[in-house]
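Novice: Take a look at this one; I'll ask things after.
The values are calculated or read from the model by the stated rules, or taken from the named source; none is laboratory data. All values reported here derive from a predicted model rather than from experimental measurement. Methodologically, a virtual Cβ is constructed for each residue, glycine included, from the backbone with ideal geometry; neighbour enumeration extends over all protein chains shown. For the accessible areas, the whole protein counts, side chains as well, though only heavy atoms, and no ligand, DNA or RNA atoms are used. Shrake-Rupley method; radii C 1.70, N 1.55, O 1.52, S 1.80 Å.
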Amino acid sequence: MTAIFPSEEWLKGLDAKINADKKYAQIARKWEGDLVFVIEPDGHLKEQFTFYLDLWHGTCRKAEYLPELESHPNPTFILTATYGNITAILSGKLNPMTAMMTSKLRVKGNMGYMMRNVPTVLDFVRVAQEATEEVM
């Protein structure tokens with residue numbers, strides 16, 4: 001099921017898609033790490049939007065919509081982007097690796113681990129794109 005980004009329904013759909021996607025499960029089988037996404041206001045988004053994903057060996061163990069950031073004080077990665085940049089990634093107009101290298105998607109965490117797992121990162125983006133019907 002796809003839903004409009006950003007919404008709680010979208011995040012639930014992403015969680016379900018991650019857990020049902022056999023290709024992602026295979027590619028991400030060695031991934032261990034949770035992610036906090038911080039989407040900064042831009043365009044139609046007037047307030048900061050956050051979500052949390054606990055990704056573990058090709059599955060999503062937990063997905064939280066608008067979590068209190070204090071409830072996840074030490075995530076493996078914090079990814080920050082403006083609404084315009086994240087929607088460009090989700091629509092396929094902006095390559096996620098280019099976004100990271102040009103600081104349109106800022107990553108706080110172990111970049112070595114991220115770069116050693118580029119296939120996992122790219123397939124995660126594929127799944128997120130497939131879970132996104134449209135953006136607000």
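Novice: Probe 1.4 Å, all protein chains in place: accessible area of residue 126 in Å², nearest 10?
Specialist: Taking all protein chains as shown, residue 126 has close to 50 Å².
Novice: Right, here's the next one. Sequence-distant or interchain residues sharing an amide H contact under 5 Å with residue 105, placed H: which?
Specialist: Under 5 Å from the amide H of residue 105: 100.
Novice: Would you look at the GNM of the chain, springs on alpha carbons closer than 10 Å, and say which of 113, 83, 65 moves the most?
Specialist: Between 113, 83, 65, it is 113 that shows the largest mean-square fluctuation.
Novice: Another question, then. Which one of 96, 55, 113 is farthest out on the positive end of the charge dipole of the chain, using unit charges on Cβ (Lys, Arg +1; Asp, Glu -1) and the Cα centre as origin?
Specialist: 113
Novice: Now for a different question. How do 34, 42 stack up against each other in accessible area, from largest to smallest, with a 1.4 angstrom probe?
Specialist: Numbers: 34 25, 42 65 Å².
Heavy-atom accessible area, descending, gives 42, 34.
Novice: Mind sorting out which of (i) 2, 10, 21, 26, 25, 13, 3, 0; (ii) 2, 10, 16, 22, 19, 15, 9, 4, 1, 1, 1, 0; (iii) 2, 10, 20, 21, 17, 12, 8, 6, 3, 1, 0 is the real P(r) over Cα pairs in 5 Å bins from 0, in percent computed from the coordinates?
Specialist: Given (i) 2, 10, 21, 26, 25, 13, 3, 0; (ii) 2, 10, 16, 22, 19, 15, 9, 4, 1, 1, 1, 0; (iii) 2, 10, 20, 21, 17, 12, 8, 6, 3, 1, 0, the calculated one carries the label (i).
Novice: Would you kindly derive the ³J(HN,Hα) couplings of segment 20-36 from the backbone phi angles with the Karplus curve 6.51 cos²θ - 1.76 cosθ + 1.60 (θ = phi - 60°), listing them in order in whole Hz, with x for Gly and Pro?
Specialist: Running phi through 6.51 cos²θ - 1.76 cosθ + 1.60 with θ = phi - 60° gives 9, 8, 5, 5, 4, 4, 6, 5, 9, 4, 9, 6, 9, x, 9, 10, 10 Hz.
Novice: Okay, moving on. Residue-wise, which Karplus ³J(HN,Hα) couplings in Hz belong to segment 93-109, taking 6.51 cos²θ - 1.76 cosθ + 1.60, θ = phi - 60°, and x for glycine or proline?
Specialist: Couplings: 7, 10, 5, x, 6, 4, 4, 5, 5, 9, 6, 6, 10, 8, 10, 10, x Hz.
Novice: What is the spin-label model distance, in nm, from residue 40 to residue 8 if the labels are put 7 Å beyond Cα along the C-beta direction?
Specialist: My value for the distance between the label points is 2.8 nm.
Novice: While we're looking at this one, here's another question. So with the 1.4 Å probe, I'd like the accessible area per residue for segment 1-97, rounded to whole Å². Kindly include the intermediate steps, with their values, before the conclusion.
Specialist: On the way: 5000 Å² over 97 residues.
Heavy-atom accessible area per residue stands at 52 Å².
Novice: Compute the distance from the alpha-carbon center of segment 86-121 to that of segment 1-51, in whole Å.
Specialist: Here the two parts' Cα centres lie 14 Å apart.
Novice: Relative contact order for the chain using alpha-carbon pairs under 8 Å, separation at least 6, rounded to a whole percent?
Specialist: Values: 236 pairs, mean separation 43.0, N = 136.
Worked out over the chain, it gives 32 percent.
Novice: How far apart, in nanometres, would the label points at residue 122 and residue 19 be if each is projected 7 angstrom from Cα along the Cα-to-Cβ direction?
Specialist: 2.8 nm
Novice: Work from the charge dipole of segment 22-91 (Cβ charges, +1 for Lys and Arg, -1 for Asp and Glu, about the Cα centre) and give the residue of 71, 81, 35 farthest towards its positive end.
Specialist: In segment 22-91, that residue is 35.
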